[in-house]
1. Between beta-carbons, use under 12 Å as the cut-off and find the net charge around Leu160, counting Lys and Arg +1, Asp and Glu -1.
2. Could you tell me which label, among (i) 17.8, 60; (ii) 17.2, 47; (iii) 20.7, 86, carries the value of Rg and Dmax of the Cα atoms in Å calculated for this structure?
3. Among the lysines in segment 58-188, how many pairs, 8 or more places apart or on different chains, have alpha carbons under 21 Å apart?
4. I need the peptides 204-210, 127-133 ranked by packing, meaning the mean over residues of other C-beta atoms within 10 angstrom, with the highest value on top.
5. Please compute the length gained on full extension between Gln56 and Glu5, using 0.36 nm multiplied by the number of residues separating them and subtracting their Cα-Cα distance.
6. Need one number: nm distance between label points at Arg68 and Lys49, each 7 Å from Cα along Cα→Cβ, rounded to one decimal.
7. With a ≥ b ≥ c the root eigenvalues of the C-alpha gyration tensor of segment 121-197, is it rounded (a/c under 1.5), prolate (a/b larger than b/c) or oblate?
8. Shape of segment 27-110 from its Cα gyration tensor (a ≥ b ≥ c, root eigenvalues): rounded if a/c is under 1.5, otherwise prolate when a/b > b/c, or oblate?
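Where a number appears in this text, it was derived from the coordinates with a stated rule and is not lab data. Quick caveat: nothing in here was measured; it's all calculated off a predicted structure. FYI the Cβ positions are ideal-geometry reconstructions off the backbone, even for glycines, and counts take in every protein chain you see.
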Amino acid sequence: MLKPEDFKELYRDFESAPATFDCGKKCSPFNDGEPFCCDTGWVVPIAYKAEWQYLQKRTNLWHEFRPRNSDEFDLMDEIDEDENDFIECRGVKYCERDNRSVSCRTFPYEPYFDTKGNLLGLIYNRVMEDKCYLVDRHQVVTKKFIHEMLNFFEKLFKLLPSERELYMGESRTYRNKMSRRKKPVVVLTLDGPFEAAYRGGKLIRPWTKPDPSERSYHPKV
């Protein structure tokens, strides 16, 4: 069972940023100076119940998310309120790195499993793929970040086994989605990016194509 005090260690061992540069400076000029992932008008962080309890004891950075329109009220129905909460921070200029939520630390990545239940690496959460600068830029992600995130989830799955099943399902859904779109499934591993098979999900070959050019980044707003 996940307890608030578990997050002291979970947070401590997962502090790295995905890239060596501030990716927020890439997207914020397109969103009135605020990174898209820090703007709840675009995406709302989700916290585990125990995590939210832990954060409330540590900082006043966060508060419960308060829906402001019909779309946001509909969003509230998308989570299990017995297990999670939507939360909102005071804004990027007040960010406290040590008190970032799990959803902040991981975005835009999530763990990737093959159909046999092997945790192989990271894939992209594509909820904001047209806005997040990091999506599909496989070469910018540091090995330290990949290592820390995989280690974090291995610990989390032991404390909360249901999350393992959740992400196994998400990985299957991701493969199906990318197959329909005729796009490759690229998995970020400690040995570099790999392409994964649509069926079964195993890694089949190193991914060697270059990342998108800087000029190609034009987020839709």
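1. Numbers: positive: Lys3, Lys49, Lys155, Lys158, Arg164; negative: Asp6, Glu51, Glu83, Glu154, Glu163, Glu165.
Every neighbour counted, the sum reads -1.
2. Of the listed options (i) 17.8, 60; (ii) 17.2, 47; (iii) 20.7, 86, (ii) comes from this structure.
3. Count of close lysine pairs: 9.
4. Details: 204-210: 11.4, 127-133: 17.9.
For the peptides 204-210, 127-133, the packing ranking is 127-133, 204-210.
5. Numbers: separation 51, 0.36 × 51 = 18.36 nm, distance 1.20 nm.
Between Gln56 and Glu5, full extension yields an extra 17.2 nm.
6. In this crude spin-label approximation the distance works out to 2.9 nm.
7. Details: a/c = 1.77, a/b = 1.20, b/c = 1.47.
Oblate, because a/c is 1.5 or more while a/b does not exceed b/c.
8. Numbers: a/c = 1.64, a/b = 1.11, b/c = 1.47.
In terms of gyration-tensor shape, oblate.
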